[in-house]
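Values in this text are rule-based calculations from the coordinates and carry no lab data. Worth saying up front: this structure is predicted, and the values here are computed from it rather than measured.
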Amino acid sequence: MKTAVGSLLLLLVGGVVSVEWKHSAVLDNNFLVLWTPDEKDVTFEIQVKTLGYVGLGFTKDDGRAGADMVIGWVDNNGQVHLQDRHVKDASRDPQMDSSQDYRLLLGYENKTHTVLRFSRQYDTCDPRDLKITVGGCDLCSSKRETQSNFLRNTQKRARFT
Ligand SMILES: *[C@@H]1O[C@H](CO)[C@@H](O)[C@H](O)[C@H]1NC(C)=O
């Protein structure tokens with residue numbers, strides 16, 4: 001009986017963990033983003049070498065102002081947090097959107113990395129979120145080594161395809 005339950009659990013975990021990603025981009029050596037576009041939504045996974053905050057941003061131009069961001073972290077109790085935010089003023093922390101349009105699917109931290117998997121619709125209908133269109137926006141990364149504050153700079157970008 002115990003074995004049966006054990007293998008069922010393993011199967012379920014296996015089902016959640018094994019995803020084939022259609023696209024990937026290395027936003028910097030320590031920031032990997034994977035994504036799979038679906039009909040109505042896109043599933044993302046970010047694997048970042050930090051135990052602090054991680055963020056993925058969507059922008060249409062070079063400036064980070066106006067960027068649509070998703071920020072997450074794993075707290076000291078192992079609880080995963082994911083927040084839909086936007087950058088109003090590039091010199092300040094991204095502000096919380098009143099409409100939270102990202103769905104957290106999975107998140108964990110190991111000794112070195114924070115991994116977050118989430119999905120969102122292409123068009124969330126929230127004016128604070130950028131409508132994702134193929135080739136129409138850039139992905140940018142942000143991270144911080146500690147959880148005391150958000151990082152205020154943008155590293156490399158990749159084109160969303
Ligand atoms: C932690 O997770 C990352 C991302 O999945 C992986 O690349 C790395 O090898 C893992 N490290 C350990 C110590 O398991």
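Descriptive notes on the structure:
- Between the stretch 110-133 and the stretch 17-51, the alpha-carbon center distance in angstrom: 10
- Put simply, the amide H of Lys88, placed in the peptide plane, has neighbours under 5 Å in Gly66, Gln95, leaving out anything fewer than 5 places away on its chain.
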